[in-house]
Each structure stands twice: as structure tokens, then as C-alpha cells.
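Here the structure comes first, spelled out in C-alpha cells, and everything after it is commentary.
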Amino acid sequence: MYAKIESERLLYIRLNQRKLRVDDYIHLRDAVANDGNSTDVGRLVILPATFTGSPRHMHEYAQDAMLYVRTCGRPDLFITFTCNPEWTEIKEELLEGQTPSDRHDLIARVFKQKLTKFMDVITKSHIYGETRCWLYSVEWQKRGLPHAHILIWLKDKIHPTQIDSIISAEIPNPDQDPGLFDVITKNMIHGPCGPLNPNSPCMKDRKCTKRYPREFIQETQTGNDGYPLYRRRRPEEGGFTAIVRVRTNNQQTEIEVDNRWVVPYSPLLSKMFEAHINVEYCNSVKSIKYICKYVNKGSDMAVFRLENENGALDEIMQYLMGRYASTNEGVWHILSFPIHERYPPVVHLSVHLENGQRVYFTADNAEERAANPPNTTLTAFFQLCQQDAFARTLLYPEVPKYYTWNATRKVFCKRKQGAAVPGSDVRASDALGRVYTVHPNNDECYFLRLLLHTVRGPTSFTDLKTVDGEVCETYREACQRRGLLENDQHWDTTLAEACLTCFPSQLRSLFAIIITSCAPSNPQSLWEKYKESLSEDILREQRRTNPEVNFCAEIFNQALILLED
């Protein structure tokens with residue numbers, strides 16, 4: 001049923017967006033003014049970000065997660081919460097002769113309720129302290145069980161000395177807490193794999209891809225670029241062991257395991273929810289962008305690239321997605337459960353040159369749209385600054401904190417809820433604004449975006465280019481006169497921001513553009529400052545075979561070779 005529903009949605013997009021076209025307003029206006037054929041104007045837009053699970057949809061959520069990183073720093077906790085088909089709430093509702101795998105509706109409904117309660121325990125009961133931001137994404141394993149990847153930002157950061165009180169990687173004392181011991185030995189023991197079970201799914205080239213068994217360690221260690229090395233005591237030093245059953249060669253075998261096989265967990269959460277709940281302290285992870293991408297990577301899919309003869313852009317023809325959708329995932333979507341949730345909300349803000357906004361139109365209303373283009377968030381921001389004295393004190397990304405965007409009327413309205421701002425009739429919320437990124441190749445729009453992050457309360461595009469009462473010819477000139485491009489500081493800022501949101505391959509492309517097209521005065525200094533970020537993917541690849549390797553001249557040379565290519 002779900003496959004039919006999604007096929008119909010895609011068919012609707014295909015059939016209707018052949019009529020719906022989009023172009024920059026200035027191009028539409030010129031085409032209509034010159035008596036051009038409006039049916040030939042614009043380009044097809046297929047599979048928009050509003051289509052849940054589409055590449056644009058997942059990319060936007062990953063960028064929103066990075067906005068949280070820019071605003072609040074690195075997240076404190078990375079949690080994976082997996083459905084347990086043995087939950088009492090599921091088994092009690094089964095009919096005679098049924099197993100949990102027969103009732104995908106029960107699994108979806110119970111997991112959604114458990115996930116809601118799980119998030120309430122963390123964000124409303126504040127078991128780890130008051131939360132500042134949070135987000136989660138629901139995915140499905142190949143066997144069909146749902147799991148949620150969760151990122152938590154706390155107002156009071158977790159101190160390294162507090163890690164052991166929150167996260168454990170040890171088998172609990174069976175005499176002091178037999179209930180927790182039972183939950184951990186059933187849900188939080190990895191494998192076992194290796195020589196004990198060479199057929200384990202995690203084995204590749206006779207090695208565990210999850211790097212189990214881990215080393216014994218007496219005290220938790222932090223400070224390296226990665227997750228902490230959690231305390232795992234030897235049995236003779238106070239650690240405990242457990243007997244677990246493993247199926248090998250179609251036979252049940254009992255194996256004794258120690259703390260080296262324990263997946264890090266939170267004793268409180270594991271005891272409350274009786275499931276596989278992996279909890280990691282991730283504030284020490286340098287490459288936090290990989291975590292944000294992993295959380296928002298979406299469902300598995302096989303992608304085939306097709307191009308038609310005339311090279312016209314048609315995304316449904318260009319990318320056919322063959323998805324691995326389990327029955328559980330289908331039920332989840334049919335029940336309209338969300339696959340993403342987050343707080344605080346993120347408002348997307350458009351950025352474009354004057355008369356460069358996107359205008360959606362059909363062949364029938366092209367002339368009307370050319371005469372009266374709808375407002376964008378940017379043009380509405382200019383209008384707001386013309387009318388509202390408080391708005392003239394704000395930067396463009398700060399507006400959503402105090403004003404809501406009315407998508408119907410295309411205007412910003414004062415918030416009616418939130419904390420009162422002293423000295424004004426405005427209320428403040430926790431909402432964040434994210435201005436869409438612009439590639440440096442689109443230089444004028446790129447410098448316009450830079451000004452929007454610098455100039456408070458502009459009333460028009462012209463006002464944005466005005467410096468000391470004089471209107472500059474270009475936005476680049478305005479940036480130069482404001483001192484935003486002096487001494488390579490602008491390119492330094494550009495790379496620093498890109499390090500938070502871009503992956504190394506994208507960062508290398510940006511670095512190459514800056515070096516070849518933007519004439520920085522000291523490219524060697526930029527390389528020395530950002531060479532580790534430019535080489536992160538090379539280091540990660542080498543750590544797959546040698547976890548102890550660190551940045552070295554060989555890795556930097558490989559990055560330079562990729563830059564040259």
C-alpha cells in the first residue's frame with residue numbers, strides 16, 4: 001500500500017509540475033515585456049524539499065542541524081534508540097499465534113509513543129539538565145525495526161568528570177541491580193564476534209567493523225578527536241562478566257563476556273525503556289558534521305542516473321530512486337508519523353539579488369506574476385525595516401526570533417507569544433533563522449549575503465549598498481568599504497564557516513576557487529590554518545584500517561594532490 005501511495009505522490013508531482021514553472025523574476029518580466037512566449041519561460045522543478053525523504057529534504061535538515069552547531073556549539077549527547085519487539089506493550093496486544101513481526105502497526109504505534117516519552121524524559125524532565133536544542137531522525141534497519149538517532153544540546157555542558165555518572169560501558173553488578181543487569185546483558189552486548197562468532201554480521205575481512213572487543217581501561221579518557229574511551233575494568237579489577245547465548249552454525253552456544261563487549265549506555269534510560277539505547281558523549285568529536293550527516297542521511301536507496309537526449313532538466317527522469325522500504329517503514333508513513341522532529345524551529349530565509357527572486361507561475365498567469373511578483377522573506381524584511389523601528393535594530397537572520405513569517409500574506413508579523421523584550425512591544429522566541437547558502441562563484445549574491453549578516457535594518461537593496469551616505473556600484477565594493485574583505489579576513493571567515501557545514505571534498509573545491517579566482521594575499525597561511533579540515537576524509541579513510549593514525553605530511557600531500565586535480 002505504501003509503495004502505491006508514494007508512487008501516486010510522485011506521479012502527481014510529475015504531472016502537475018509540468019505545468020508549474022519557475023524562473024528569476026527579472027527573466028520572466030523581460031520575457032513578457034518583449035512579447036515572448038511565456039510557455040517557454042522557466043525550468044521544470046521536480047521532487048522539491050517538501051517531498052519527505054527527497055535529497056533536498058534530507059539536505060535541508062542536515063544544514064539545519066549544522067545551524068544548531070553554529071549557534072550552540074557541538075552537541076553533548078548522541079543517542080540511538082532502537083525498538084524492542086519484546087516490549088510488553090507489543091506482546092500483550094498480539095493475537096494467539098502471532099509474533100511481533102506479524103503486527104507492524106503495533107510496532108510503529110508503540111515505538112512512536114515510546115519515542116515521544118523518551119524525548120519528554122530528556123527535554124522536559126531534564127534528567128541530564130536543561131536542554132537548549134534537540135533533534136531526532138527515525139530510520140529502519142534492514143530487518144524492519146525502527147530506530148531513532150538523537151542529538152542533544154545541553155545548556156550546562158557535561159564536564160569530562162561527569163561522564164561516568166551518565167554513561168557506562170560496563171556490565172552492572174547483578175546483585176545490586178539485577179533488573180539493569182538483565183536489560184544490559186539482553187540488549188547492550190555487542191556480538192560477540194571475532195573468533196567467538198566469525199559469522200557475525202559486523203565481521204568484514206575477519207575484523208569487526210565496530211572495533212569490538214574494545215580495550216580494558218581503568219579510567220575514562222577524553223581529549224582525542226572522537227568519542228571518549230569509556231571505563232572498562234577487568235574482572236580482577238572490579239569488573240563483572242555475564243553469560244550470553246549466541247547462535248553459531250544453527251546451534252545455541254553460551255559464551256562468557258566481559259566489559260570489552262559492552263555498548264555504551266545510560267543506566268537510567270536503559271532501565272526505564274528496556275531497549276538497545278546507545279548513548280555517546282560527542283562534545284569532543286571534532287568532525288561533528290559527520291554526525292549531523294549520519295543523523296539525517298535518510299533511508300537506503302539505489303540511485304540510477306538517466307539523461308534524456310536534449311539534456312533538459314527532469315529530476316524524476318534523472319534520478320530514479322530504488323528504495324529499500326520495509327513494511328514497518330510503510331506503516332509509519334501511512335500513519336503520518338514524522339521522521340524528523342527538532343527544537344527550536346528553524347526558519348529558512350531566502351537570499352537573491354534585486355528582481356532575482358524565484359517566481360512560480362503557469363502559462364496562464366505568467367503576465368500577472370510579472371506585474372505583481374510575490375514577496376520573499378528578503379523583500380518582506382526590507383518592508384518590515386521601513387515600517388518597524390525595532391526591526392531596524394536586527395540582522396536578517398535574527399528576524400525569526402521576534403517575528404513570524406505569514407506564508408499566505410508574505411509578510412512578517414510580531415510574535416504574540418514568548419518573552420517580552422524590555423523597552424518594546426515585541427516578544428522573543430527560541431526560533432532560529434538560516435539564510436540559504438550561496439556559492440562564491442555567484443559573487444554578487446555571495447557578497448549580498450555577507451552584508452545581510454553584517455548590516456542591521458536595511459530598508460532596500462540600495463540601502464544595503466550604501467556606505468557613509470554613498471551608494472556603491474556593487475555589493476563587493478560595499479563589503480570592501482565596510483572592511484569585510486581586508487587582509488584575507490573575508491576568506492578566512494568563509495573557510496571557517498564552511499568547515500562547520502561542508503564536507504572535505506566540498507571544502508577543497510571552495511579552497512581551490514578562492515586560490516584561483518579570489519587572489520588571497522597569503523594562500524599559504526590559509527592552507528596551514530585549514531589543512532586538517534581539508535584532509536579530514538583522508539584521515540577517516542585511513543583510520544578504517546589503522547585507528548591509531550593521525551594527521552601527518554602524507555595525508556596533507558594527498559589533500560594537495562586532490563586540490564591540484
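Within 21 Å of ILE184 (Cβ to Cβ) and β-branched (Val, Ile, Thr), is that true of ILE158? Outline the logic, then answer.
On the way: within 21 Å of ILE184 (Cβ to Cβ): no; β-branched (Val, Ile, Thr): yes.
Answer is no for this residue.
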Residues of the stretch 508-527 being surrounded by 14 or more Cβ atoms within 10 Å (Cβ to Cβ) and without any contact (Cβ under 8 Å) to a residue 60 or more places away in the chain, which ones?
ARG508, SER509, PHE511, ALA512, ILE515, PRO520, PRO523, LEU526, TRP527
When the stretch 390-410 is examined, which residues are found to be modelled with pLDDT under 95 and over 18 Å from PRO345 (Cα atoms)?
THR408, ARG409, LYS410
Failed item, numbered, when LYS157 is tested on (1) buried (at least 18 other Cβ atoms within 10 Å of the Cβ); (2) touching a residue at least 60 places away in the same chain (Cβ under 8 Å); (3) not in a strand (DSSP E or B)
(1)
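Applying the selection to the stretch 183-202, what residues are within 34 Å of the chain's Cα centre (by Cα), more than 13 Å from GLU274 (Cα to Cα) and part of a loop (DSSP other than H, G, I, E, B)?
Initially, the stretch 183-202 is screened for residues within 34 Å of the chain's Cα centre (by Cα), giving 183-194, 199-202.
Filter once more, keeping what is more than 13 Å from GLU274 (Cα to Cα): 189-194, 199-202.
Result: HIS190, GLY191, PRO192, CYS193, ASN199, SER200, PRO201, CYS202.
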Would the stretch 340-355 turn up any residue that is acidic (Asp, Glu) and in a strand (DSSP E or B)?
yes
Filter the stretch 528-565 down to residues that are without any contact (Cβ under 8 Å) to a residue 12 or more places away in the chain and not in a loop (DSSP other than H, G, I, E, B), then give me how many there are.
9
Can you name every residue in the stretch 165-182 that is in a helix (DSSP H, G or I), out of contact with any Lys or Arg (no Cβ under 6 Å at 6 or more places or on another chain) and in contact (Cβ under 8 Å) with a residue 12 or more places away in the chain?
ILE166, GLY179, PHE181
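For (1) closer than 26 Å to VAL331 by Cα; (2) assigned to a loop (DSSP other than H, G, I, E, B); (3) at pLDDT 95 or above; (4) not assigned by TED's automatic domain parsing to the domain that holds ASN328, each residue gets a yes or a no:
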| position | (1), (2), (3), (4) |
| --- | --- |
| GLY97 | yes, yes, no, no |
| SER101 | yes, no, no, no |
| ASP105 | yes, no, no, no |
| VAL110 | yes, no, yes, no |
| PHE118 | yes, no, yes, no |
| SER137 | yes, no, no, no |
Test for ALA478: is it modelled with pLDDT of 90 or more, of a type in the set (A, V, I, L, M), in a helix (DSSP H, G or I) and crowded, with 19+ Cβ neighbours inside 10 Å
yes
Would you check if there is a residue in the stretch 423-434 being assigned to a loop (DSSP other than H, G, I, E, B), within 20 Å of GLY356 (Cβ to Cβ) and β-branched (Val, Ile, Thr)?
no
Just checking: which of the strands (runs of 3 or more DSSP E) contained wholly in the stretch 228-325 hold 2 or more residues that are in the same structural domain as HIS190 (by TED's automatic domain parsing) and at pLDDT 85 or above?
242-248, 251-257
May I ask you to verify whether PRO440 is crowded, with 17+ Cβ neighbours inside 10 Å and either out of contact with any helix residue (DSSP H, G or I) (no Cβ under 7 Å at 6 or more places or on another chain) or not hydrophobic (A, V, I, L, M, F, W, C) (or both)?
yes
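The values are calculated or read from the model by the stated rules, or taken from the named source; none is laboratory data. Note that the structure is predicted; figures quoted are calculated from it, not measured. We place every Cβ from the backbone using ideal geometry, glycine too, and count neighbours over all the protein chains shown.
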